[in-house]
Amino acid sequence: RLSPGRRRRRGPAAEGSSPRDGGSMRCQVSVLYFARSAELAGLRCETLSVPREITSLQLWEEIVKVHPRLAIIRDQVVFAVRQEYVLLGDQLLVLQPGDEVAIIPPISGG
């Protein structure tokens with residue numbers, strides 16, 4: 001299991017629907033930030049409330065709403081949900097409370 005360090009909670013702790021999200025069910029997910037994404041977000045881990053049924057691109061956009069600086073790495077980022085790589089696009093994700101979403105920018109080495 002990944003241990004990303006600092007944690008921060010965002011959004012309401014309770015699951016459910018609200019008028020703000022059109023009544024869709026939401027859940028709390030752990031978002032892990034690595035390398036450049038951690039620098040841009042200013043933290044390594046947080047909990048966000050997101051719709052349970054969401055495309056991978058919409059999920060990325062939800063994260064960018066919270067951390068707009070992440071938008072600059074959109075075309076380079078590797079996205080993982082439940083430790084499985086996901087392409088940013090139309091792929092529908094059905095998230096469960098506590099799922100892990102990792103934001104992994106390319107890592108260069110020499």
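In this structure the range 26-104 gives 47 Å² per residue of accessible area when probed at 1.4 Å with all protein chains present. Taking amide H positions as modeled 1.01 Å from N, with prolines and chain starts lacking one, the residues under 5 Å from ASP99 and 5 or more places away or on another chain are SER30. Amide H contacts of PHE34 (H built 1.01 Å from N, in plane; Pro and chain starts excluded): ILE103 sit under 5 Å, all sequence-distant by 5 or more or on other chains. Backbone amide hydrogens, once placed in the peptide plane, bring LEU93 within less than 5 Å of ILE54, THR55, SER56, excluding anything fewer than 5 places away on its chain.
The values are calculated or read from the model by the stated rules, or taken from the named source; none is laboratory data. Quantities reported herein were computed from a predicted structural model and do not represent experimental measurements. For accessibility, only protein heavy atoms count, side chains too; no ligands or nucleic acids. Shrake-Rupley method; radii C 1.70, N 1.55, O 1.52, S 1.80 Å.
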